[in-house]
Amino acid sequence: MHELIDRIVNLDIGNRGVAGLYGPARALTDEPLCLAAARSLAALKPGERVFILTGSLTRSAVNDRIAENDGPIGAAVLARAITLGFNAVPVILADRSILGTLGRMTELAGPNVMPLEEAEIATALPRFTGVAVMDGISSDEAAAPAECKALMEKYAPKAVVSVERAGLTADGTYRNMLGQDYTEGRAKLDHIIGVAAAAGIPTIGIGDGGNEIGMGAVKEAVRAHIPHGEVLCSEVATDVLIPSGVSNWGCYGVAASLAILAGNPRLAHTAELERRLIESSAAVGLVDGTTGMLDPTVDGLPVAVHAGLVEMLHNVVQRALR
């Protein structure tokens, strides 16, 4: 079932070349990718923290407030599964300029966004409260390493997940799907991965274009299968890499595998919630990164495509738990 989950989230409907990344990524693990990622979360205890890095400033040359809905929606769904399933604390990290927008998106998925101090109280009480915490660093490049280290020390996460978060390329820039330099205004959260790796904390990368954190694990495949891959490929590798047709889908796959591992179908995403999140994303100010419009689409694909894929994953979970 877990292999099937991988195959579903890797469907290359946008014809980006991401299907060619699955084999190389799968060769780096001993089991299906979404299952390997879910194992890093399945042993979480109440109050323990998980980092979820996301937020693509898709038009940063215009301003640092325009972010796309691919990534934040997936992060919100994964945050829901983490708090609901384990009473743990998902900490969503992004550029400070978009934390408010991502917080609203997260709350639409169910968790209450609050400071860490309140989340710690909530997870210690006998009556459950779904929680999530938002945090980030500045766009000051020189300060980034110290700021990332401080976040790691403050939260002591048990795992780090990056979804649709651009990773630094060989020339020290961030590149979009067209190979264009869109470094301006971005917070260099990449340093979180290095600090986590040095501490032996599991890292998971989810991406759909070769330019995201995690793709450094399959650089040759990115160059071979992704247009402009030789320019845009991220140098940042993660322990587990989940190449997905749309980055949000990778989060849905991890949630599905997590539901099976935990024996709890409530952790799996639903088509009803997917429709609500996509349709609400424009209202909170997240654009379709492909079209640049505040439309209820993700990566140029309509709601029906995303909801249909989620329905397939949900059916896999139901069958596995019978």
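Numbers for the structure displayed
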| quantity | calculated |
| --- | --- |
| Max mean-square fluctuation residue, GNM over the chain, Cα-Cα springs under 10 Å, options Ser247, Ser281, Ser138 | Ser138 |
| DSSP-loop trypsin sites (Lys or Arg not before Pro) across the stretch 60-138, with at most 15 other Cβ within 10 angstrom | Arg65, Arg127 |
| DSSP loop GluC sites (Glu not before Pro) with at most 15 other Cβ within 10 Å: longest gap in the chain | 1-140 |
| Normalised per residue, the volume of the convex hull around the Cα set of the stretch 234-286 (Å³) | 115 Å³ |
| Rounded to the nearest 20 debye, dipole of the stretch 1-108 from Cβ charges on Lys, Arg, Asp, Glu | 240 debye |
| Cross-link partners of Lys158 among lysines (Cα-Cα below 17 Å; sequence separation of 8 or more within a chain) | Lys45, Lys149 |
| Distance between the stretch 149-226 and the stretch 107-133 - C-alpha centres, whole angstrom | 27 Å |
| Overall form of the stretch 1-112 per C-alpha gyration tensor (a/c, 1.5; a/b vs b/c) | oblate |
| Highest-fluctuation residue, Thr291, Thr183, Thr270 considered, GNM on the chain with Cα pairs under 10 Å | Thr291 |
| For Val89, residues with placed amide H under 5 Å, excluding near neighbours | Gly47, Glu48, Arg49, Val50 |
| Cα-only Debye scattering, the stretch 91-215: base-10 log of I(q)/I(0) at q = 0.11, 0.13 Å⁻¹ | -0.41, -0.58 |
| Accessible surface of the stretch 28-128 [probe 1.4 Å, protein heavy atoms]: carbon and sulfur percent | 51 percent |
| Whole-number Å³ per residue for the convex hull built on Cα positions in the chain | 111 Å³ |
| Under Karplus coefficients 6.51, -1.76 and 1.60, residue-wise ³J(HN,Hα) of the stretch 137-151 in Hz, glycine/proline x | 10, 6, 8, 6, 4, 5, 7, 4, x, 5, 5, 5, 4, 5, 5 |
| Lys, Arg +1 and Asp, Glu -1 on Cβ, resulting dipole of the chain about Cα centre, debye, nearest 20 | 800 debye |
| Cα-centre dipole for the stretch 110-159 with unit charges at Cβ (Lys and Arg positive, Asp and Glu negative), debye to 20 | 300 debye |
| Candidates Ala282, Ala268, Ala224, ranked by Gaussian network fluctuation over the chain, Cα under 10 Å, top entry | Ala224 |
| Accessible area per residue in Å² at 1.4 Å probe, computed on the stretch 88-226 | 38 Å² |
| Value of relative contact order over the stretch 8-79, rounded to a whole percent, pairs C-alpha under 8 Å and six or more apart | 16 percent |
| Amide hydrogen neighbours beyond the local backbone of Ser244, cut-off 5 Å, H modeled | Gly207, Asp208 |
| Amide H contacts under 5 Å for Ala166, placed H, 5+ residues apart | Ile213 |
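The values are calculated or read from the model by the stated rules, or taken from the named source; none is laboratory data. Everything quoted here is computed from the prediction, not taken from an experiment. Cβ sites come from the backbone with ideal geometry, for glycine too, and all protein chains shown count toward neighbours. Surface areas here come from the heavy atoms of the whole protein model, side chains and all, with no ligands, DNA or RNA. Shrake-Rupley method; radii C 1.70, N 1.55, O 1.52, S 1.80 Å.
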